[in-house]
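To start, the structure under review is shown below, and the notes come after it.
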Amino acid sequence: MRGSIPTPGTGTVRYGGNTSCIEVRCGKDIIILDAGTGLRKLGISLLDEFKHKPLNLTLLLSHTHWDHIQGLPFFAPIYESRCRLRILGSEGARKGLEAALTGQMESTYFPVPFSKLPSNIEIEELRDFSFAIGSTLVQAHRANHPGVTVGYRLFSPEGVIVFFPDTEPRTGGDDRDMIEFIRDADVLILDSQYDRAEYQRHIGWGHGCVDDSVALALTAGVKKLVLFHHDPDHDDKTLDSFVGYARSLVKKAKGKLKVEAAREGMVIKLGGK
Ligand SMILES: [Zn+2]
Ligand SMILES: [Zn+2]
């Protein structure tokens, strides 16, 4: 949930310092959103849960900026021949998705080359912006962020999750498309890196602010907003104040929206059961 770079330290223990990575369980399907440094711990827990059984995983990447792919070489299941991993994402700037992912495992950066991995990995660039993973229907939508970046909407039988880790609000008609894309989501995980004043100094950087995230979620009838892509310079206290401020905005608007800030190990259950 951290943006840009991992931030270990005493100031970030509660919300956590790992970069973008979320696991979604829909029935038997395991869908991973982004491969930030949080992926390392997820890999350990998956191997622990599945022991010697085959592991079938799908990874959806928002984009190939470092903080969203850096966990992949440290994802233990890719070193197991019983693991099948399908990676889907936009092409990344210039060289394509496969080059972006395998490049970070070249010998300059990492000891094990991608070609030597014993697992079965398929890398596919998104062609279709609407597809299915098992019983989950997935839609992608372009984000407003440098390079080629997307967000995803997952329709599972239990509910709708929307994931936009890196995006800046647009003005005018484009924003209407975004509102329709996130409409009535049960959970919206959204880039809310800045407060209003910080955002004014970072317009055009491709990240959002709390005020705009709340406004967008309220307009679109979202049920729960999860603030995401925390600024590396924001400690736990600052994030507490972001959550308090966001809730005060909801109250002022007499909305029902719930707001939380993403934190390491956070679990959200959808559906009544
Ligand atoms: Zn990022
Ligand atoms: Zn980015």
Legend entry - Dimensions in Å of the chain - Rg and Dmax from alpha carbons: 18.0, 56
Legend entry - Antiparallel bridges, percent of DSSP beta bridges restricted to region 96-214 (to nearest 5): 75 percent
Legend entry - Between helix 39-50 and the chain: long-axis angle, C-alpha atoms, 0 to 90°, nearest 10: 60 degrees
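Net charge within 13 Å of T58 by Cβ-Cβ distance, Lys/Arg positive one each and Asp/Glu negative one each, not counting T58 itself? Working shown, then result.
Values: positive: R25, K28, R84, R86; negative: E23, D29, D34, E122, E124.
Cβ neighbours under 13 Å give a net charge of -1.
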Legend entry - Cα Rg, Dmax (largest Cα-Cα span) when computed across region 1-53, Å: 12.8, 39
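Run the dipole for the chain about the Cα centre, Lys and Arg Cβ at +1, Asp and Glu Cβ at -1, nothing else charged, and hand back the magnitude in debye, nearest 20. Can you show the working numbers first?
Working: 34 positive and 35 negative charges, 170 e Å.
Using only the charged Cβ atoms, the result is roughly 820 debye.
Rounded, prolate or oblate: pick one for region 166-261, where a ≥ b ≥ c are the square roots of the eigenvalues of its C-alpha gyration tensor, a/c under 1.5 means rounded, and failing that, prolate if a/b is larger than b/c, else oblate. Each step should come with its number before you reach the end.
On the way: a/c = 1.73, a/b = 1.13, b/c = 1.53.
Oblate is the answer for region 166-261, as a/c is 1.5 or above yet b/c matches or exceeds a/b.
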Inset, instruction - Kindly express, to the nearest 10 degrees and within the range 0 to 90, the angle between helix 173-182's C-alpha long axis and the longest C-alpha principal axis of the chain. - result: 70 degrees
Legend entry - Sparse-neighbour loop sites [chymotrypsin sites (Phe, Trp or Tyr not before Pro); region 174-221; at most 15 other C-beta within 10 Å; DSSP]: W205
Legend entry - Neighbour net charge for T219 - beta-carbon separation under 11 angstrom, K R +1, D E -1: -1
Legend entry - From phi via Karplus (6.51, -1.76, 1.60), per-residue ³J(HN,Hα) for region 85-91 in Hz, x at Gly/Pro: 10, 9, 10, 10, x, 6, 5
Legend entry - Separation of alpha-carbon centers, region 209-249 and region 100-169, rounded to whole Å: 24 Å
Legend entry - Fraction of antiparallel bridges per DSSP, region 138-273 only, in percent to nearest 5: 40 percent
Legend entry - Along each principal axis, Cα extent of region 17-115, largest first, Å: 36, 26, 26
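Please figure out what share of the DSSP beta bridges in the chain is antiparallel and state it in percent, rounded to the nearest 5. Don't skip to the end; give the middle numbers.
Working: 20 of 53 bridges.
Around 40 percent antiparallel, to the nearest 5.
Each value in this text was obtained by applying a stated rule to the coordinates, not by laboratory testing. As the structure is a computational prediction, the values presented were derived from the model and not from experiment. Don't worry about glycine lacking a Cβ; one is built from the backbone with ideal geometry, like all the others, and counts go over all protein chains shown.
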